[in-house]
1. Within the range 57-81, name every residue whose backbone N is under 13 Å away from a label modeled 7 Å from Cα of Gln44 along the Cβ vector.
2. Please state the charge dipole magnitude for the range 3-223, taken about the Cα centre, from unit charges on C-beta atoms (+1 on K and R, -1 on D and E), reported in debye and rounded to the nearest 20.
3. Most mobile of Ala71, Ala13, Ala50 per a Gaussian network model of the chain (Cα springs, under 10 Å)?
4. If you find the alpha carbon centre of the range 1-24 and of the range 118-149, how far apart are they in angstrom?
5. How big is the C-alpha Rg of the chain next to the rule-of-thumb value 2.2 N^0.38 Å, as a ratio?
6. Considering only DSSP beta bridges whose two residues both sit in the chain, what percent are antiparallel, to the nearest 5?
7. With the contact rule set at Cα under 8 Å and sequence spacing of 6 or more, what percent relative contact order holds for the chain?
8. Residue by residue through the range 143-149, what is 3J(HN,Hα) from phi via Karplus (6.51 cos²θ - 1.76 cosθ + 1.60, θ = phi - 60°)? Round to whole Hz and write x for glycine and proline.
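What follows draws every value from the coordinates through simple rules; no lab data is involved. The model shown is predicted, which means the values in this text are computed figures rather than measured ones. FYI the Cβ positions are ideal-geometry reconstructions off the backbone, even for glycines, and counts take in every protein chain you see.
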Amino acid sequence: MTIAARTNRLLMALRRDGVTDEAVLSALERVPRDLFVPDLFRDQAWEDTALPIALGQSISQPLIVGLMTQALELEPRHTVLEIGTGSGYQAAVLSRLCRRVYTIERLKPLLVEAEKRFQRLRLHNITTRLGDGTRGWPEVAPFERILVTAAGGPEPPKDLTDQLAVGGVMVIPLGVDDRGQRVVRFRRTAEGLVREELWPVRFVPLLSDPPAETPPGSEASARLP
Ligand code: SAH
């Protein structure tokens, strides 16, 4: 099957499963996911599945990327902070939909590879940083949108919610209770944060510095359970 046919099949599946925003679908169509997965898995790049990348991390399932991007309610003028660059795929999708993406990754080898992909695809509106994303990016804050692509606590990191602009939206997977993780959307209003639980997911953990060894049990995930 050609890449174009695989892409179409994937887009139809995403549409059926709830990704209805045309701008998001078009961004997913235009970012070549096969450039973001290891050679070994290139065949599966256009399947709706999470795939392993280096260091025990994973590139999220396209459906999750689509739904989380859609949940952000992005506008072209927005500046977005992403935590957990990983392969860079999610950042690349965001970069097609907003003015600028700031993305933070704590594992240097992953960030180096992601930066190469951004250059190769001429995605010049992505700025990267190596470090602990739970602290956000105070020099640039506030952000209109924040997307976390690793699963945090029961509560979002305070530095991140503090760096969310009034009117801003943050989407983050949280381990809400023993039933597992859920994608949660926060809106900052003049009165405070409004919390809304979206759907269940499984992401690799959001870790804080100093970077430890690869966490156990962080096999391919970022998919619907
Ligand atoms: N968005 C990625 C998938 C993310 S996997 C993609 O599209 O491919 C989650 C990533 O979050 C991993 O690469 C992991 O190293 C990173 N991560 C976990 N905790 C972090 C932290 N505190 N700061 C920055 N990155 C973190």
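1. Answer for this model: 58-62.
2. Magnitude of the dipole: close to 580 debye.
3. Sorting by GNM fluctuation, first place goes to Ala13.
4. So the two Cα centres are separated by 26 Å.
5. On the way: Rg = 16.1 Å, N = 225, 2.2 N^0.38 = 17.2 Å.
Taking the Cα Rg and dividing by 2.2 N^0.38 Å, one obtains 0.93.
6. Restricted to the chain, the bridges split so that about 50 percent are antiparallel.
7. On the way: 472 pairs, mean separation 41.5, N = 225.
Normalised by residue count, the contact order of the chain is 18 percent.
8. 10, 6, 9, 10, 10, 10, 10
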